[in-house]
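J.: If you scroll down you'll find the structure; I have some questions about it.
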Amino acid sequence: MQIYERSSFHFEKLTKDYFRRLGDEMSDKARFFTWYRGNTLMAFALCMVQDDDIYAEYIGLDYAFALDLHLYHTISRDVISWAMAHGYKRFRSSGLNYDPKLHMRHRLDPIDLYVRHVSPVANWIMQLALPWIVPVRYDATLRKFADYRRMW
């Protein structure tokens with residue numbers, strides 16, 4: 001919740017029940033990781049696995065610890081180490097928070113976004129406008145990735 005509350009950009013708020021159900025209904029795919037200091041939960045990560053890939057989906061951080069202990073990087077390191085030890089070949093991180101991913105030399109993975117309006121006229125206008133208004137087009141950090149041009 002601290003990450004959600006800290007962010008100015010919000011998606012759906014994920015509840016405890018969401019994570020419980022995900023673990024129950026997709027136990028073959030969901031992997032939960034937790035980091036403690038004593039009895040205090042400092043961080044968690046939810047990853048999904050498919051074939052040779054592990055997908056980092058969500059993290060949670062206690063900001064009383066997160067910045068001083070560099071928990072974002074600790075989570076990445078520990079999940080990647082676990083994945084390698086368990087035979088996974090690729091680590092795929094979620095979108096957003098691009099600066100740490102740039103420093104860890106991640107490559108960009110294209111994500112398709114499909115938008116369709118009920119009006120054919122509106123669709124024609126959107127077809128012309130969307131390439132110019134997508135948020136990632138103007139993200140300065142994304143432009144620093146070596147393979148940024150490949151995305152366009």
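The values are calculated or read from the model by the stated rules, or taken from the named source; none is laboratory data. Predicted, not measured: the structure shown is a model, and the values here were computed from it. Cβ: placed from backbone, ideal geometry, glycine included. Neighbour counts: every protein chain shown.
J.: Out of (1) in a loop (DSSP other than H, G, I, E, B); (2) in contact with a strand residue (DSSP E or B) (Cβ under 9 Å, 6 or more places away or on another chain); (3) not assigned by TED's automatic domain parsing to the domain that holds Gly23, what's the single condition that is false for Arg116?
T.: (2)
J.: Restrict the check to region 56-65 and report whether at least one residue is surrounded by fewer than 14 Cβ atoms within 10 Å (Cβ to Cβ), more than 14 Å from Lys29 (Cα to Cα) and in the same structural domain as Thr15 (by TED's automatic domain parsing).
T.: Within region 56-65, one or more residues are surrounded by fewer than 14 Cβ atoms within 10 Å (Cβ to Cβ), more than 14 Å from Lys29 (Cα to Cα) and in the same structural domain as Thr15 (by TED's automatic domain parsing).
J.: When both residues are 6+ apart or on different chains and their Cβ atoms are under 8 Å apart, which pairs have a first residue that lies in region 128-152 and is more than 15 Å from Asp109 (Cα to Cα), and a second that is of a type in the set (Lys, Arg) and assigned to a helix (DSSP H, G or I)?
T.: Pro131/Arg137
J.: Kindly establish whether Lys101 is touching a strand residue (DSSP E or B) at 6+ places or on another chain (Cβ under 9 Å), of a type outside the set (Gly, Ala, Ser) and loosely packed, with under 11 Cβ neighbours inside 10 Å.
T.: So Lys101 fails the test.
J.: Can you pull out the strands (runs of 3 or more DSSP E) entirely within region 22-109 that have at least 1 residues that are within 20 Å of Thr141 (Cα to Cα) and in contact with an Asp or Glu (Cβ under 7 Å, 6 or more places away or on another chain)? Outline the logic, then answer.
T.: Working: elements: 30-37, 40-50, 53-61, 90-93.
Passing ranges, in order: 90-93.
J.: Mind listing whichever residues of region 124-147 are at pLDDT 85 or above and in a helix (DSSP H, G or I)?
T.: Trp124, Ile125, Met126, Gln127, Leu128, Ala129, Leu142, Arg143, Lys144
J.: Val121 fails exactly one of the following numbered conditions: (1) touching an Asp or Glu at 6+ places or on another chain (Cβ under 9 Å); (2) not in a loop (DSSP other than H, G, I, E, B). What is the number of that condition?
T.: Failing condition for Val121: (1).
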